[in-house]
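Below is one structure, written out as structure tokens, with a few remarks after it.
The values are calculated or read from the model by the stated rules, or taken from the named source; none is laboratory data. All figures in this text were calculated on a predicted structure; none of them were measured in a lab. For neighbour counting, all protein chains shown are included, and Cβ atoms are generated from backbone atoms with ideal geometry for every residue, glycine included.
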């Protein structure tokens, strides 16, 4: 029994054990660490840090797949690693009894793999020290809020995930993915006025919570005047965070297999897809690109198991730029290599970021508001859920500040609303689009933090009913 | 109508697995708790978890995935300087446990400098050497992988053989959760729970029209073992046989005319409305703002305890961490508090909250009702949902009895889409099937239905609940809360119930600009 102390050694030990088994093998090792800081009622609440080692083995036997993910306690010695590998191959043999996988493909070879970071480098880590610069600004924000009868709530996190991927075909790739977010919610002392802001910040340096709170105070002041406005269809200005809420949903629903099988909003009559169809009259491009300098993500795919949109056989496959929308026309769907072989086109996996471009440079959401005759300004959204997969109709609620706009000016806060809108209708009814900026989707910030979106003015946005929530 | 789930046969409660009991967990705990105390912690607890999961999915005629995963690690939580501190690791050595404890104390001291409220907790008796295991008969991880796959493939083939079924998604998610808890007061607790979530979905595609429709099994996720799929607890065979016909009818059903209708809501749908509009609304942490920036707050604030009219007099809701096969059922929570059952809404009045030890103290209670939970060793315990259930009326009617008193209404079956606002007022739900009710009889399906209401109006409009024979324990695996985000499995029982004059939308018209 030999001791294993590095992720690279774990990859090699597992692959060595797999070499004695029939079939092929993929090994992914992911050391991670995270720190988080949470506050409510101007007080820190639950805070902490954690470290973990996730690793999994994928075995391919007779065209079928088994996956076993194990914990650190099985990663420290070659004997326990071998046990995991043997269990994985047993699972693959069990799966082979029901036939070959529908998405079977040859494993990626080194010459086809993505250019990635140096495999031999050690993992990156974070700790609670990541907040050394942030904590004084939070304390300052608390002090100011207590004096001003404001209450602050929020959350900051910093994570480091380092992925090591090796295959029995010789692929060895590595990627370090830092993730950070800061969210701040400010309320008046009587809880009747509320505002929110969030940022995606891979590094915590330079984040000033006190400065974020000052910006939120401006919206709390806007809300001192209230307007009782019924539900209805209104021209509505969406900030980048709200546009991200909708377009992440659109991208998640843009799988090629479902579209080709006739069971998605991107399916067309006669068994075709809607590829090539114009979705908006504006020249907008929606793309995921691992090389995006604002939000770089892994240039290769990792997957524990197959799903409708991802194939486990594609582990290590390069991820390129995927344009869902080019100049307003549906131009791409998420496609594994197996999907490409079955339905045509090139493989096009989805990177972990998303950007909508093509709006007017220099225009932020208040510039769009300035051009409105009468309508609403939404500041954030919540609890978006698909109602009808046929149309992607989505319901959700506005949150922490909706404002009536008249003559290009914010005139007062309205109630919150439940809305029913499809991301496809948001695009179709877009009348004006501003400049793209990095933003954090409030609804999906748990899972998808890397977006760049513009503000958008949407005609006849369906505010379906009034919510009493404040 | 589908047969509702009932317990069949005897239930035997197995013990915690011997290999888990054999782990040197007390030694790890001793190292951590001693280090925390030496570093100045006023309280410390240690929680080791091993969570085994499996995920199998069959699409159409082929296995799409079969994977298993084990998560293992531990957490040390402390109170130092009046603040919480937390650190987690998966390195199973005494040195690492002690180091992790010191990190937790350092975190507490760092945030204590921010000022604010001090952490204080309600007392709890010491539970030394306690052991608890959930009710199940067949450990799903003892079932050979080939047998698991074979059962799902068989059901997929049977569903695909139905007229009009073009695609299927047949899957199951299995979990075995093992926890060890120890604290500086002297509690040591070993626990083991098993749960599973089946998913059977049929899809029909009208290629010429470019449209499609789907239907998913009404079978709830449960705290049971593999026996759930085979022992008749749920009538899977009957449901699989009925689904193609129900799906074909749904595809051709007329679109609903929006307006106000009397609704008779099946437990397979109502559990989710309970979850969102009662379960989350009666979480005390939300009611006092601890989730204000994320999951939200609650209209049911503490000043309304004992007086807030939540619903009609027939509304009686309990919080329960003891019900057999409940997904939130435990022996002890992650504060080391023994599981309990209590009232949340009595005769339509708000009478209770879900609490952990901090919030019990804040509410002025002597003891927590045991709702602390962390979903993994990497996360800190927060107040999470008990099995929150609407009680049946012993003198209530059957489904037919409730329908008989409806002239013009809709019978709602199965859950699908859901959304509620951040203060738990305004919600919208859809379902798997909607049947028109006319003159006291259930008729054919209608489609494109969503119902929308304000929580207190909705529960105030409930004029009848069914008898115990209509009661079903529904639930979900994926309740989300907290930052970092945590998921929890939770059950909600309810009888069939009737609601007068609820707003119904047509989802196609909602989409049209």
Inset, instruction - Taking only region A:414-438 into account, find how many residues are outside any loop (DSSP other than H, G, I, E, B) and either farther than 29 Å from residue B:507 by Cβ or within 10 Å of chain B (Cβ to nearest Cβ) (or both). - result: 11
Inset, instruction - Return the total of residues in region B:443-465 being in contact with a helix residue (DSSP H, G or I) (Cβ under 8 Å, 6 or more places away or on another chain), assigned to a strand (DSSP E or B) and surrounded by 18 or more Cβ atoms within 10 Å (Cβ to Cβ). - result: 5
Legend entry - Residue satisfying condition, being surrounded by fewer than 22 Cβ atoms within 10 Å (Cβ to Cβ), assigned by TED's automatic domain parsing to the domain that holds residue A:400, over 24 Å from residue A:193 (Cβ atoms) and in contact with a helix residue (DSSP H, G or I) (Cβ under 8 Å, 6 or more places away or on another chain), within set A:276, A:262, A:271: A:271
Inset, instruction - Provide a single number: the residues in region B:261-290 that are in a loop (DSSP other than H, G, I, E, B), surrounded by 23 or more Cβ atoms within 10 Å (Cβ to Cβ) and touching a strand residue (DSSP E or B) at 6+ places or on another chain (Cβ under 7 Å). - result: 3
Inset, instruction - Could you check, for region B:207-215, whether at least one of its residues is assigned to a strand (DSSP E or B), surrounded by fewer than 16 Cβ atoms within 10 Å (Cβ to Cβ) and outside the structural domain of residue B:487 (by TED's automatic domain parsing)? - result: yes
Legend entry - Yes/no for residue A:450 being within 9 Å of chain B (Cβ to nearest Cβ) and in contact (Cβ under 8 Å) with a residue 60 or more places away in the chain: no
Legend entry - Number of positions in region B:368-400 that are surrounded by fewer than 24 Cβ atoms within 10 Å (Cβ to Cβ), in contact (Cβ under 8 Å) with a residue 60 or more places away in the chain, under 26 Å from residue B:267 (Cα atoms) and touching a strand residue (DSSP E or B) at 6+ places or on another chain (Cβ under 9 Å): 6
Inset, instruction - Determine if region A:144-158 includes at least one residue that is in contact with a helix residue (DSSP H, G or I) (Cβ under 7 Å, 6 or more places away or on another chain), surrounded by fewer than 23 Cβ atoms within 10 Å (Cβ to Cβ), at pLDDT 95 or above and within 30 Å of residue A:5 (Cα to Cα). - result: no
Inset, instruction - Return yes when residue B:501 is more than 18 Å from residue B:413 (Cβ to Cβ), part of a strand (DSSP E or B) and either modelled with pLDDT under 95 or in the same structural domain as residue B:354 (by TED's automatic domain parsing) (or both) and no when it is not. - result: yes
Legend entry - Filter result for residue B:432 (part of a loop (DSSP other than H, G, I, E, B), assigned by TED's automatic domain parsing to the domain that holds residue B:497 and either touching a strand residue (DSSP E or B) at 6+ places or on another chain (Cβ under 6 Å) or over 23 Å from residue B:188 (Cα atoms) (or both)): no
Inset, instruction - Keeping to region A:306-336, report how many residues are over 28 Å from residue A:280 (Cα atoms) and within 14 Å of chain B (Cβ to nearest Cβ). - result: 7
Inset, instruction - Report, by residue number, each residue of region A:71-113 that is at pLDDT 95 or above, more than 12 Å from chain B (Cβ to nearest Cβ), in contact with a strand residue (DSSP E or B) (Cβ under 7 Å, 6 or more places away or on another chain) and closer than 16 Å to residue A:311 by Cα. - result: A:107, A:108
Legend entry - Condition broken by residue A:169, with the remaining ones in (1) part of a loop (DSSP other than H, G, I, E, B); (2) over 27 Å from residue A:302 (Cα atoms); (3) touching a helix residue (DSSP H, G or I) at 6+ places or on another chain (Cβ under 8 Å) satisfied: (2)
Inset, instruction - State all residues of region A:256-278 that are assigned to a loop (DSSP other than H, G, I, E, B) and within 14 Å of chain B (Cβ to nearest Cβ); if no residue qualifies, say none. - result: A:261, A:262, A:263, A:264, A:265, A:266, A:268, A:272, A:274, A:275, A:277
Inset, instruction - Return only the number of the condition from (1) surrounded by fewer than 18 Cβ atoms within 10 Å (Cβ to Cβ); (2) at pLDDT 95 or above; (3) within 22 Å of the chain's Cα centre (by Cα); (4) more than 30 Å from residue A:63 (Cβ to Cβ) that residue A:320 does not satisfy. - result: (4)
Inset, instruction - Answer yes or no as to whether residue A:180 is surrounded by 22 or more Cβ atoms within 10 Å (Cβ to Cβ) and either outside any strand (DSSP E or B) or outside the structural domain of residue A:446 (by TED's automatic domain parsing) (or both). - result: yes
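One line per residue, one yes/no per condition, for (1) in a helix (DSSP H, G or I); (2) surrounded by fewer than 24 Cβ atoms within 10 Å (Cβ to Cβ); (3) at pLDDT 95 or above:
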{"residue": "B:73", "(1), (2), (3)": "no, no, yes"}
{"residue": "B:95", "(1), (2), (3)": "yes, yes, yes"}
{"residue": "B:102", "(1), (2), (3)": "yes, yes, yes"}
{"residue": "B:111", "(1), (2), (3)": "yes, no, no"}
Inset, instruction - Please find, within region B:293-307, the residue that is surrounded by the fewest Cβ atoms within 10 Å (Cβ to Cβ) out of those that are touching a helix residue (DSSP H, G or I) at 6+ places or on another chain (Cβ under 8 Å) and in a loop (DSSP other than H, G, I, E, B). - result: B:301
Inset, instruction - Determine, yes or no, whether residue A:126 is within 14 Å of chain B (Cβ to nearest Cβ), at pLDDT 95 or above, surrounded by 19 or more Cβ atoms within 10 Å (Cβ to Cβ) and not in a helix (DSSP H, G or I). - result: yes
Inset, instruction - Collect the residues in region A:370-399 that are more than 8 Å from every other protein chain (Cβ to nearest Cβ) and buried (at least 20 other Cβ atoms within 10 Å of the Cβ), keeping them in residue-number order. - result: A:372, A:375, A:376, A:377, A:378, A:379, A:380, A:381, A:392, A:394, A:398
Inset, instruction - Find the residue count for region B:62-76, including only residues that are within 8 Å of another protein chain (Cβ to nearest Cβ) and out of contact with any helix residue (DSSP H, G or I) (no Cβ under 6 Å at 6 or more places or on another chain). - result: 10
Legend entry - Selection count, region B:401-432, where residues are within 14 Å of another protein chain (Cβ to nearest Cβ), surrounded by fewer than 21 Cβ atoms within 10 Å (Cβ to Cβ) and out of contact with any helix residue (DSSP H, G or I) (no Cβ under 9 Å at 6 or more places or on another chain): 0
Inset, instruction - Report yes if residue B:162 is in a loop (DSSP other than H, G, I, E, B), in contact with a helix residue (DSSP H, G or I) (Cβ under 8 Å, 6 or more places away or on another chain) and surrounded by fewer than 21 Cβ atoms within 10 Å (Cβ to Cβ), otherwise no. - result: yes
Legend entry - The listed residue being more than 7 Å from chain B (Cβ to nearest Cβ), farther than 30 Å from residue B:114 by Cβ and modelled with pLDDT of 95 or more, out of A:61, A:68: A:61
Inset, instruction - Working carefully through the options B:45, B:55, B:90, B:60, find the one that is at positive phi, in the same structural domain as residue B:139 (by TED's automatic domain parsing) and within 29 Å of the chain's Cα centre (by Cα). - result: B:60
